[in-house]
Structure formats: structure tokens, C-alpha cells
Amino acid sequence: YCANCDAGRCKYNHADYVKNALEKRGYAGHLHEAGDMVNTVGLFWYKKAFRMQTIACDNHSTAALPTKKGALYAQLLHTRSNETIGLVALHPSVPLDGEQKPNTAKPMSEVKQIMQKVVELFEPAVPCILAGDFNCVPVPTAGCAPPDVYEYVVKQGYASAYKTVQGGEPKFTS
């Protein structure tokens, strides 16, 4: 936690700190480096277990729904099994409109673009893991935007790791 970050006045690059710490522990990875949201998303893997085959960084902005958000996509080869997996790190927009009222239009647009990019980058047989801060709730929750993003991702065939392991979703995570 950084109080200066919450106040919007932090000048410390937390992402580089995390990247350097992970690299010292045998991980490789990349930070989102496109647009105005530099270093807001990172994707890392253990070098002894995986070898990167491809990596891409993408922003998800349209004229109708401009955004500074993006995602990282990596195709990795598991060194022992020789199996390929896709990894996607994402952080869609908070589901609020200009008046700070719940609205999922922007994050839904971003997630749909991410899913399209997954189809373009990874062969259908390649299992893919989506990870990140989805800025959404799994069930209707008072005071929050509807669970449109969560429901869309699940309809695309993805499962929640949290729900799979814990047997259910929490109302919120933080």
C-alpha cells in the first residue's frame, strides 16, 4: 500500500521495483509499455519452467470508447512437458461513466477486444489463462455495476480459479 499513490502524487515506480524483485528470484516478464498506462499491467513466469515464444502488448481504445487501458499476451512453452500455454494479463477500466455511475460499456468493450486478440494470437488448442484486475463483481451487488464483464468472460469458456478452488466467488476482492 502506498498512501502517495492513493493521493495521486507518488513518483515512485512500483512496477520496476516488482519486476526487479521477481527477476532476482528467477522470473522473467514484461510490463505494459504502451500508451499512457505504462507499467499498470505485468506478466511474469518462472524461467526454469517456461520459455517465452511470443509476447505482445496492446491498447484497447476506440473512437466511441477511448481508454488508456491495455493487456499483455504471452505464449509460453513449458520446458518439461513441451506443452504451450497462453497467458494474458489485463486490467480493464473501472465500470463507471463520467458521472461516476455504474456503467460497464467501457470495460466490456475492452474485454471483448482482449478476447478477439486472444483468438488472433493463440491457436484454438492452446489453453489460455486470463489474469488481472477485472474491475467487476461476479454477482449483482448493490452499488456496483452489473456483473456483465464476469458473465461475458465465463460465457467465452473461461472458469474462475477462485471459484474452482474455493467453491464460490467472494462478493469483492481487494
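The values are calculated or read from the model by the stated rules, or taken from the named source; none is laboratory data. What you are looking at is a predicted structure, and each value in this text was computed from that prediction instead of being measured. Quick reminder, even Gly has a Cβ in these numbers, built from the backbone with ideal geometry, and neighbours come from all protein chains shown. What goes into the accessible areas is simple: the full protein's heavy atoms, side chains included, and nothing from ligands, DNA or RNA. Shrake-Rupley method; radii C 1.70, N 1.55, O 1.52, S 1.80 Å.
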At 1.4 Å probe size, what's the solvent-accessible area of F134? Round to the nearest 10 Å². 50 Å²
So which residue, out of C144, C136, C57, gets the largest mean-square fluctuation from a GNM of the chain using Cα contacts under 10 Å as springs? C144
For I129, I55, I114, I85, give the ranking by accessible area with the largest first, probe 1.4 Å. I129, I55, I85, I114
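Report, in listed order, any pair from K19/K163; K69/K117; K112/K155; K117/K155; K69/K171 with a Cα-Cα distance greater than 19 Å.
K19/K163; K69/K171
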Using only the C-alpha atoms of the chain, find the volume of their convex hull and express it per residue in Å³. 145 Å³
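Leaving ligands and nucleic acids out of the surface, order T54, T40 by accessible area at 1.4 Å, largest first. Walk me through the numbers on the way to the answer.
Details: T54 75, T40 55 Å².
From most accessible down to least: T54, T40.
Tally Lys and Arg at +1 and Asp and Glu at -1 over the other residues with C-beta under 15 Å from the C-beta of M52: what net charge comes out? All intermediate terms of the calculation are to be shown ahead of the outcome.
Working: positive: K19, K47, K48, R51; negative: E23, E83.
After counting each charged neighbour, the total is +2.
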Given Cβ point charges of +1 (Lys, Arg) and -1 (Asp, Glu) and nothing else, what value in debye, to the nearest 20, does the dipole of segment 73-158 about its Cα centre take? 80 debye
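Rank by packing, highest mean first: peptides 166-172, 14-20, with packing defined as the count of other Cβ atoms within 10 Å averaged across residues. Provide the component values of the computation, followed by the final result.
Details: 166-172: 10.3, 14-20: 13.3.
Top to bottom by mean Cβ count within 10 Å: 14-20, 166-172.
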Name the most mobile residue of S109, S81, S160, meaning the one with the largest mean-square fluctuation, in a Gaussian network model of the chain with Cα contacts below 10 Å. S81
How much accessible area does E33 have with a 1.4 Å probe, in Å² rounded to the nearest 10? 130 Å²
Under 12 Å Cα-Cα from K11, which aspartates and glutamates qualify once same-chain neighbours fewer than 8 residues away are excluded? none
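Mean separation of Cα pairs under 8 Å and 6+ residues apart, divided by the residue count of the chain: what relative contact order is that in percent? Before the final figure, lay out the partial values.
Working: 269 pairs, mean separation 24.7, N = 174.
Taking the mean separation of contacting Cα pairs over the length of the chain, I get 14 percent.
Order the following by accessible area, largest value first: D133, D58. Probe radius 1.4 Å; ligands, DNA and RNA are ignored. Before the final figure, lay out the partial values.
On the way: D133 75, D58 40 Å².
So, going from the largest accessible area down, we get D133, D58.
What order do you get for 100-106, 42-48 when each peptide is scored by the mean count of other beta carbon atoms within 10 Å, highest first? Show your work: numbers first, answer last.
Values: 100-106: 15.4, 42-48: 17.0.
The densest-packed peptide leads the list: 42-48, 100-106.
Given the Cα-Cα distance of E169 and Q116 and 0.36 nm per residue of separation, how much length would full extension add, in nm? If you can, show how the numbers build up before the last one.
On the way: separation 53, 0.36 × 53 = 19.08 nm, distance 2.58 nm.
Going from the current span to full extension adds 16.5 nm.
With both partners inside the chain, how many of the DSSP beta bridges are antiparallel, as a percent to the nearest 5? List each step's numbers first, then the result.
Working: 22 of 27 bridges.
The antiparallel proportion sits near 80 percent.
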